[in-house]
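Trainee: Okay, here's the structure, questions in a sec.
The values are calculated or read from the model by the stated rules, or taken from the named source; none is laboratory data. This is a predicted model, so every value here is computed, not measured. No Cβ is skipped: glycine too gets one built from the backbone with ideal geometry, and neighbour counts run over all protein chains shown. With ligands, DNA and RNA removed, areas are computed over all heavy atoms of the protein, side chains included. Shrake-Rupley method; radii C 1.70, N 1.55, O 1.52, S 1.80 Å.
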Amino acid sequence: MQNAQPTASHFINGAYVEDTEGAPIECIYPATGKVIATLHEATPAIIDQALSAAHAGQKIWAAMTGTERGRILRRAADIIRDRNRELSILETLDTGKPLQETLVADATSGADALEYFGGLAATLTGEHIQLGQDWVYTIREPLGVCVGIGAWNYPTQIACWKGAPALACGNSMVFKPSETTPLCALKVAEILHEAGLPAGVYNVVQGRGAVGASLVTDPRVAKVSLTGSVPTGRKVYAAAAERMKHVTMELGGKSPLIVFEDADIDNAVSGAILGNFYSSGQVCSNGTRVFVQKDIKAAFLKRLKERLQGAVMGDPLDEATNFGPMVSADQMNIVLGYINKGTDEGATLVAGGKMAERDGFFIEPTVFADVTDDMTIAREEIFGPVMAVFDFDTEEEVMARANDTEFGLAAGVFTNDLTRAHRVVAGFEAGTCYINTYNLAPVEAPFGGSKASGVGRENSKEAINHYTEVKTVYVAMTPVEAQF
Ligand code: NAD
């Protein structure tokens, strides 16, 4: 097995830094439950060092042209692609996700973000507004030091999705990975510096929630971008509001996926599988509430059960494996708790429902049918491989039920009726919608949530607005006309 122990816990000012005074963080390989690396939480001294480096580095970085900044980001993307296999293995060790997945979805997605925002860096401009003889011009300025805080499901991708737009705009970043998956962001920092990034522009510090909280409240920080759960989002948003900081909140979901009777059933089943069992269900935008029109319910469940036979649970490093473990014992227990609640509250268990009989934190792909809207598994985000199938009769009824949630991250519809597809999507209260597919998140498209699922958008040109501020300059060409 590839050695997972990093050179040191943190990456600050262009170099690995260790401080063993910080509480230990054990990195556990979810497929075996064994410790594969031990790191240390950032002490106040480390946090201060990272923020000072980011503060100084940002000035140097912002003084470079967009073309120069973009070139470095694109070079980092090339290095990531060259090392995709090694980085994908590390992602698998960090998260337990199958190598079959990580080879195509993690480092590659990070490289896409660096390439895309690297390409945009030179195009960021203000505008000119003529007002008779006078005129206004605007300057698009970076915000300064940005803090990125990550969840554990996509450690490489999150480090890049936050870092790439922040850096393209001339900001610096201090990134804190989830304490569950501390490894991958260090590699992103290392590669960015290898590509020519000035020291201090992208730093990584490890730690649990308290380290995140000290970063968020530091006066040197201009912006916070969090990927995490809604309860954490509420805390971080409130702390940032105290000093009127910019925020991007990428939070949880309980997204609806509606399958109408005229849909291609096999395609809809594919969408439901992708939207519930990829990354063993640990995807924020998953369509975990699958509403199936009554007439096709039996056919849908039959096909779904057949297709579940294709799940290959096993060593995530074996490329034949397509279904991995939960990220941690804690997450496994949370998910098992929800499965028990589903059964207790009267849903019909159609498939799965148990831990797998092997080492590590594996839970079988689980499907409940006859789920009703008031059940716990219908209302709360589970973040594991648990699909809930609901019946519905009419479009009007299903739209009201689909939107009856505090979340609004994603939503999908499967139908062959063109006008219905667009009407349904227009009615969804969700930030990211899908027609006849699910869960695709290309860097060119905005991604993010409505309602409690978040604030702001990642990816696409939209992200630029969340990492820059516009300065307005009024230029007078005639004498001032004062009132007296
Ligand atoms: P979490 O909310 O427990 O933790 C997220 C991060 O916040 C971690 O790095 C954690 O250390 C940090 N944190 C915790 N308390 C903090 C505080 N008070 N101040 C600052 N930082 C703090 O989430 P998780 O369990 O790591 O991840 C799963 C959650 O993330 C799910 O709800 C999932 O839907 C969500 N998620 C959302 C997206 C998205 O793009 N919308 C993507 C992936 C995951």
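Trainee: Take ALA241 and ALA23, extend 7 Å from each Cα along the Cα→Cβ direction, and tell me the distance between the two endpoints in nm.
Mentor: 2.8 nm
Trainee: Leaving out ligands, DNA and RNA, and with a 1.4 Å probe, what % of the accessible surface on the stretch 271-379 is carbon or sulfur?
Mentor: Here carbon and sulfur together make up 50 percent of the probe-accessible area.
Trainee: Measure off 7 Å from each Cα along the Cα-to-Cβ vector at THR65 and ALA122, then give the distance between these two points in nanometres to one decimal.
Mentor: 0.8 nm
Trainee: Using Cα pairs under 8 angstrom and six or more residues apart, how large is the relative contact order of the chain, in percent?
Mentor: 18 percent.
Trainee: Which value in deg cm²/dmol, rounded to the nearest 500, describes the helix-derived mean residue ellipticity at 222 nm for the chain, given -39,500 (n - 2.57) per DSSP H run of n ≥ 4 and division by the residue count?
Mentor: Roughly -11500 deg cm²/dmol at 222 nm, from the helical runs in the chain.
Trainee: So between VAL35 and ASN267, what do we pick up on full extension, going 0.36 nm a residue minus the alpha carbon distance?
Mentor: Working it through step by step, the gained length comes to 79.5 nm.
Trainee: In whole percent, what relative contact order does the stretch 186-294 give with Cα contacts below 8 Å and a gap of six or more residues?
Mentor: So the answer I get is 21 percent.
Trainee: Then there's this: Under 5 Å between amide hydrogens, which residues at least 5 positions from MET173 or on another chain qualify, with H placed 1.01 Å from N in the peptide plane?
Mentor: Amide H neighbours of MET173, under 5 Å, 5+ apart: CYS146, TYR202, ASN203.
Trainee: Packing-wise, with mean Cβ within 10 Å as the measure, how do 314-321, 288-295 rank, highest first?
Mentor: 288-295, 314-321
Trainee: In straight Cα distance, which lysines are under 23 Å from LYS451, not counting same-chain residues fewer than 8 positions off?
Mentor: LYS162, LYS223, LYS235, LYS245, LYS254, LYS461
Trainee: Let me make sure I get this right: for the stretch 60-186, a, b and c are the square roots of the gyration tensor eigenvalues over alpha carbons, sorted descending. Under 1.5 in a/c it's rounded, otherwise prolate if a/b > b/c, else oblate. Which is it?
Mentor: Prolate, because a/c is 1.5 or more and a/b exceeds b/c.
Trainee: What spacing in nm lies between the two simple spin-label points modelled at LEU440 and GLU141, each 7 Å away from Cα in the Cβ direction?
Mentor: In this crude label model, LEU440 to GLU141 measures out at 4.0 nm.
Trainee: Return one number: the angle in degrees, 0 to 90 and rounded to the nearest 10, between the long axis of the Cα atoms of helix 329-344 and the longest principal axis of the Cα atoms of the chain.
Mentor: That helix lies at roughly 40 degrees to the long axis.
Trainee: What's the ranking of 390-402, 83-95, 257-269 by average number of surrounding C-beta atoms within 10 Å, highest first?
Mentor: 83-95, 257-269, 390-402
Trainee: Using a 1.4 angstrom probe with every protein chain in place, what is the largest-first accessible-area order of LYS451, LYS302?
Mentor: LYS302, LYS451
Trainee: For the stretch 386-400, take each phi angle, set θ = phi - 60°, evaluate the Karplus expression 6.51 cos²θ - 1.76 cosθ + 1.60, and give the result in whole Hz per residue in order, putting x for glycine and proline.
Mentor: Computed from phi, the couplings for the stretch 386-400 are 10, 9, 10, 10, 10, 9, 8, 9, 10, 4, 4, 4, 5, 5, 4 Hz.
Trainee: I would also like to ask the following. Taking the Cα atoms only, what angle lies between the long axis of helix 107-120 and the longest principal axis of the chain, rounded to 10 degrees?
Mentor: That works out to roughly 40 degrees.
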